[in-house]
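Visitor: Sharing a structure with you now.
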Amino acid sequence: MEQTHAIHAENHEGGKKEIIKVTLILTVLTLIELALGFWMMGIESQQLRLAIKGTIVILMLAKAFYIVAYFMHLKHEVKNLIMTIVVPLILFVWFITAFLYDGNSFRNLKNTYDPYKKELSTKKAEKKEESKEVKSEETK
Amino acid sequence: MSTTTTATVPTKLWSGGKSPFNVEYGKLMMWYFLMSDAFTFGAFLIAYGTTRFATNGWPNPNEVFKSYPFAGENANAPLVFVSIMTFILIVSSVTMVLAVQAGQQMKKKAVVTNLILTIIGGLAFLSCQAWEWNHLFHEGAWWGRNPFINADGTASTTGFTNFFFTITGFHGFHVLSGVIINIVMLIMTLTDKFEKRGHYLMIEKAGLYWHFVDLVWVFVFTCFYLI
């Protein structure tokens, strides 16, 4: 227990400054994300939308890094602790790639081999609007 | 495996007698718990992504989340309310860092103030979420019911609402647990439990949990409201 105390005592200097700095970074990153989100609303081009979404994901990862590294203090821990937490999380790279690829492939297969489902999903949703009105009348 | 690790670490961390991670046992276990929790949330969000990739159309979040409290029926302010929620959580995370730091310096009064601020932030976030759920419910959205049409005007599946309520609900439950943990910490601080122990390490563990809740919201916020 005394060891942990000695370690924390070393980190006292500059701690407040670091917190203010990280808070500012997180705020700015969030504001950029929101600005991109607002900007994206008026954009029709699918490619540009995809690029903006990619940028937002990168900003999200940057925010996650700052929270984990500074707020959760992981950056100031010993290397053993950092590795035991971060290395298993690398599995996510494979999870995300494999599952999203699988989802995309599933959609393509359905659209190719299940024309009925494809037809259903391209029908405009006028019926939904009606049923909503009916529901609101019911509640009245 | 263990021999190679010993070789790469220059300090005597693996020579025995103390934790090679140089943290207290409880804190290490909190880290492992949070890692497992990250996999739980990751599984949820990846399932959401997979479903979204496997579905032809998806509702536009700017159409769904465009209202805010005390607004009329025709409110059209996408992203505004949720950004307020995001900032509430970031600020409460900052006050939690300050509480942890005050604990390391054995300043009981500062710990109490910052813990109270964190609890207020948590409760504010929960209230916002309660309002949003209530609002969406009255628009007809719930598990298995989706009143919102897809962005391209086609009929939507219930995937959107199912995932939204499950994941934000799971996150909200984490916030609730965090608030309860912080209240327990506050009571323990006020009754001088930590002063008698001589350290505030418990606050640091509660702090880790609270930051994790903030961390998860970063991902939920991005996945559901922004992209």
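The values are calculated or read from the model by the stated rules, or taken from the named source; none is laboratory data. Just so it is clear, the structure is predicted and the values come from calculations on it, not from any experiment. Here Cβ is always computed from backbone atoms with ideal geometry, including for glycine, and neighbour counts include all displayed protein chains. Heavy atoms of the whole protein, side chains included, go into the accessibility calculation; ligands, DNA and RNA do not. Shrake-Rupley method; radii C 1.70, N 1.55, O 1.52, S 1.80 Å.
Visitor: As a test of reading the structure, rank B:Phe21, B:Phe212 by solvent-accessible area (1.4 Å probe, protein chains only), most first.
Guide: B:Phe21, B:Phe212
Visitor: While we're looking at this one, here's another question. Under the rule of -39500 (n - 2.57) per DSSP H run of 4 or more residues, summed and divided by the residues of the protein assembly as shown, what mean residue ellipticity at 222 nm is obtained, to the nearest 500 deg cm²/dmol?
Guide: -24500 deg cm²/dmol
Visitor: Another question, if that's okay. Ignoring everything but the protein chains, give the 1.4 Å probe accessible area of A:Met72 in square angstrom, nearest 10.
Guide: The accessible area comes out at roughly 10 Å².
Visitor: Now for a separate question. Let's see if you can work this out: charge +1 on each Lys and Arg Cβ, -1 on each Asp and Glu Cβ, no other charges. What is the dipole magnitude of the protein assembly as shown about its Cα centre, in debye to the nearest 20?
Guide: It works out to roughly 600 debye.
Visitor: Considering only protein heavy atoms and a probe of 1.4 Å, how much of the accessible area of the protein assembly as shown is carbon and sulfur, as a whole percent?
Guide: The nonpolar share, carbon plus sulfur, comes to 66 percent.
Visitor: Please give the residues from region B:92-107 for which the solvent-accessible area of heavy atoms, probe 1.4 Å, is smaller by at least 40 Å² with all protein chains in place than with the chain isolated.
Guide: SASA drop of 40 Å² or more in region B:92-107: B:Val94, B:Val97, B:Gln101, B:Gln104.
Visitor: Quick one: if you stick a label point 7 Å off each Cα along the C-beta vector at B:Lys107 and A:Lys21, how many nm between them?
Guide: 2.0 nm
Visitor: Round to a whole angstrom and tell me the spacing of the C-alpha centers of region A:19-52 and region B:195-227.
Guide: Here the answer is 23 Å between Cα centres.
Visitor: A follow-up question, please. Round to a whole angstrom and tell me the spacing of the C-alpha centers of region B:28-70 and region B:100-115.
Guide: 34 Å
Visitor: Points 7 angstrom from Cα along the Cβ direction at B:Phe70 and B:Trp131: gap in nanometres?
Guide: Roughly 0.8 nm, to one decimal.
Visitor: Return the subset of B:Lys12/B:Lys205; A:Lys53/A:Lys79; A:Lys79/B:Lys196; A:Lys17/A:Lys63; A:Lys63/A:Lys123; A:Lys21/B:Lys109 for which the Cα-Cα distance in this structure is over 29 Å, preserving the input order.
Guide: Beyond 29 Å: A:Lys53/A:Lys79; A:Lys79/B:Lys196; A:Lys63/A:Lys123.
Visitor: Right, something else. Chains B and A: buried accessible surface, both sides, probe 1.4 Å, rounded to 100 Å²?
Guide: The summed interface area works out to 5700 Å².
Visitor: Also, I was wondering about something else. Given the options B:Phe39, B:Thr51, B:Pro61, identify the residue whose Cα lies farthest towards the positive end of the charge dipole of the protein assembly as shown (+1 on Cβ of Lys, Arg; -1 on Cβ of Asp, Glu).
Guide: The residue sitting farthest along the positive end of the dipole is B:Phe39.
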